[in-house]
Structures are given as structure tokens and as C-alpha cells.
Amino acid sequence: MFIGRYEASVDPKGRVHLPAKIRDVLMKNFSPPLILTISDRCLSGYPAEQWLKKYEEIEASEYTPSKGDLLRAITENAAECPLKNGRILIPAWLREYAEIGRDVVIVGRIKKIEIWSVERHRRIEAAYDPEKLSKRLRELGF
């Protein structure tokens, strides 16, 4: 499972070193590549098996034109990112979508990772209300 928060830099070619703990989980439990796709204000990275499973779950339901549009959006906004020398290449169009510059925050989300621009992640963090967060965590048993 992917957990933790890590900071990394994107080189001029768009490559980022995945943190060792993220790489270890990916290599020990899944087969590369990592599938990167657009998400809510960031990029989500799924092991290929996880991404395909999610896609197939949606595809299995009854077809509607809006579902067709959704499936198209899922596939056209995804990129296979092979792991080479501990790095992945984030395509320019995905970096643009997520407003990723030189520095990123990589967050483990159990079955996937998120890659955030540092600026966007800071804005999200700044909006956390510690009291509300603590209360919600207690309600959930954490």
C-alpha cells in the first residue's frame, strides 16, 4: 500500500524520481507501468492493474452516452509511465493540467499515489481546519 508524503523535483525533461518507499511498493506488489491520469486538482498514479480494474468496473455497467464520454475521458487523459532508473516521465500535457513546475508533493493514497504541484498542495493544506479534521478522524476511529 502507498502511504506517506514526499517532496521531489521535476527535471527539465519532466522526469521525477519516485521516493524509494513508493518504488518499493510498486515493484514488489505490481507490474509497471504506472498509469498517470488527471484527478481532482492533481495527477493520480495507479499501478496498471488497479487502473484497469477501475476502468472495467465502470465499463461493466449499462451503456449510456454519458458513460461513453466518461470512459473516453478516462483513457484519453491517461498515460503509461514506465519506471526507468527510479524515475517516471510526466508528459507535458499532464504537468500543465496539474500546474506542476519544478517541485512536487507525492502523496500515498493506499491503492494509488497523487502528484501535486507544491503550490496547489500548500493551498489545500492551508485550508485544513485542525479541529474539524481531528473530530472527523475520531468519528472514523483513527
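The values are calculated or read from the model by the stated rules, or taken from the named source; none is laboratory data. As the structure is a prediction and not an experimental result, all values here were calculated from the model. Counting neighbours? That spans all protein chains shown, and the Cβs are built from the backbone with ideal geometry, glycine included.
What to note about this one:
- Which numbered condition Ile90 fails, given (1) closer than 16 Å to Val105 by Cα; (2) surrounded by fewer than 15 Cβ atoms within 10 Å (Cβ to Cβ): (2)
- Meets criteria (at pLDDT 95 or above and either farther than 21 Å from Lys13 by Cα or not small (Gly, Ala, Ser) (or both)) for Asp103: yes
- Considering (1) at pLDDT below 95; (2) on the phi > 0 side of the Ramachandran plot, the lone condition that Glu62 does not fulfil carries the number (2).
- In the stretch 73-99, the residues that are in a loop (DSSP other than H, G, I, E, B) and either over 19 Å from Leu18 (Cα atoms) or aromatic (Phe, Trp, Tyr) (or both): Asn77
- Filtered by the rule that a residue be assigned to a strand (DSSP E or B) and among the β-branched types (Val, Ile, Thr), the stretch 11-45 gives Val16, Ile35, Thr37, Ile38.
- Checklist (1) within 19 Å of Arg109 (Cα to Cα); (2) touching a helix residue (DSSP H, G or I) at 6+ places or on another chain (Cβ under 8 Å); (3) of a type in the set (A, V, I, L, M, F, W, C); (4) free of Cβ contacts under 8 Å to residues at least 40 places away in the same chain applied to Ile58, failing item: (1)
- In the stretch 60-73 there is at least one residue matching the filter, namely being of a type in the set (A, V, I, L, M, F, W, C) and exposed (fewer than 12 other Cβ atoms within 10 Å of the Cβ).
- The stretch 52-72: number of residues that are within 16 Å of the chain's Cα centre (by Cα) and among the aliphatic types (A, V, I, L, M): 1
- Selection from the stretch 78-133 of residues that are under 14 Å from Ile38 (Cα atoms) and among the small types (Gly, Ala, Ser): Ala78, Ala79, Ala92, Ala98, Ser117
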